[in-house]
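K.L.:
My questions all concern the structure below.
The values are calculated or read from the model by the stated rules, or taken from the named source; none is laboratory data. All of these numbers come straight from a predicted model, not from anything done at the bench. Note that each Cβ is placed from the backbone with ideal geometry, even for glycine, and that neighbours are counted across all protein chains shown. To get the accessible areas, we keep the full protein, side chains included, count just its heavy atoms, and leave off ligands, DNA and RNA. Shrake-Rupley method; radii C 1.70, N 1.55, O 1.52, S 1.80 Å.
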Amino acid sequence: MKQDFVKLSKHCSILPYGDNDRPNIGIISGSETSIIVDGGNSESHFGLLPSAVISNAEYLFLTHNHWDHVCGSSFFYSGKVVSSVVTAEKIGRMNDMVWDADGIESAYQVNRIPEFTRNNMLCELKLNDFRPFEFRVPDITCDTEAVFDLGNLTCRYIPIMSCHCDGQMGVYVEQDKVFFIGDILWPDMDRKQDEWFYDLEKFRMMSEQILSVDAEVYVESHADPIPRNMLELWLRKMQSIMEGVKYANKSAREAESLLPQELKQSNLGYEELLYGACDRVV
């Protein structure tokens, strides 16, 4: 599971997403300090970051509360973990049980986590010598935009509307015009896969919000970095599909077939997981 760093701009790099639902981990470096964006899904995932990168980071920003973004933050010893208030509350509640193999299976059986999550957690658990997952409650919380100076480099920690879950935050690097947006493009997934769904109004609001930011590159957690023009097309495609389902009684596939070719071709690589949620749009 070797992963090489990808440099996005003068100050921004990522450890790219990988197997077992490992998301992109961002590294933003200023002249005085640095920030890590998301903690990854385990000790072994977070441990792929060089020790010099970890020790130089003053903060670790969480985009949201899901396991694949927060488990590794338990092993960030050099600074403070930052999240929204909702994310901190949800992480706190995760510590009410032991997240070993039995605990993961139990959580799945009571529909606390979907099968998609259970399978990836069990695979990652094996890579970590079956040590139970740990959840570090963030040290700092905020629900409004916060500005951080890394030394001649400004980062904005921004609350973002999302279908995926409440309390999502993004990290915008002004000088580089890079925007780390977490999982905001995904549907509500905190349930069985055949129950995932999108909220059309939330999707519209989210699209408008993230495009209002003067970013040129968007870092979604489970895809390659997205140029602005490609993201604009993708958002138009997904919104058009949902509108076709909701207002014209089409299936997602039928709605997609009616789109212009340029929209059909705007793919991030995981659309197959999303069309069922489009069919259940509210």
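K.L.:
Express the accessible area of the stretch 94-205 per residue in Å², computed with a 1.4 Å probe while the remaining protein chains stay in the model.
P.N.:
Counting only protein heavy atoms, the per-residue value for the stretch 94-205 is 45 Å².
K.L.:
A further question follows. Any chance you could look up the accessible area of ARG131 with a 1.4 Å probe, heavy atoms only, rounded to 10 Å²?
P.N.:
It works out to around 100 Å².
K.L.:
Mind telling me which of SER73, SER34, SER257 comes out most flexible in a GNM of the chain, alpha-carbon contacts under 10 Å?
P.N.:
Of the options given, SER257 has the highest mean-square fluctuation.
K.L.:
If you don't mind, another one. Hey, in the GNM for the chain with a 10 angstrom Cα cutoff, which one of MET205, MET189, MET242 fluctuates hardest?
P.N.:
MET205
K.L.:
How much of the accessible area of the chain, in percent, comes from carbon and sulfur atoms when a 1.4 Å probe is used?
P.N.:
49
K.L.:
Separate question: Taking the chain as a Gaussian network, where each spring joins two C-alpha atoms under 10 Å apart, which residue of GLU243, GLU254, GLU43 fluctuates the most?
P.N.:
GLU254
K.L.:
Using only helices, what value at 222 nm comes out for the chain when you add -39,500 (n - 2.57) per DSSP H run of length 4 or more and divide by the total residues, to the nearest 500 deg cm²/dmol?
P.N.:
Taking each H run of at least 4 residues, the total per residue is -9500 deg cm²/dmol.
K.L.:
Here's a follow-up. For the chain, give the share of DSSP beta bridges that are antiparallel, in percent and rounded to the nearest 5; count only bridges with both residues there.
P.N.:
Roughly 70 percent of the DSSP beta bridges within the chain come out antiparallel.
K.L.:
Same structure, new question: Cα-Cα over 30 Å: which of LYS177/LYS264; LYS192/LYS250; LYS90/LYS264?
P.N.:
Those over the limit are LYS90/LYS264.
K.L.:
Highest mean first, how do 179-188, 266-275, 158-167 rank when packing is the count of other Cβ atoms within 10 Å averaged over residues? Mind dumping the intermediate values first?
P.N.:
Details: 179-188: 25.1, 266-275: 14.3, 158-167: 20.9.
So the order, starting with the most tightly packed, is 179-188, 158-167, 266-275.
K.L.:
For LYS80, tell me the accessible area in Å² from a 1.4 Å probe, rounded to the nearest 10.
P.N.:
Near enough 100 Å² of accessible area.
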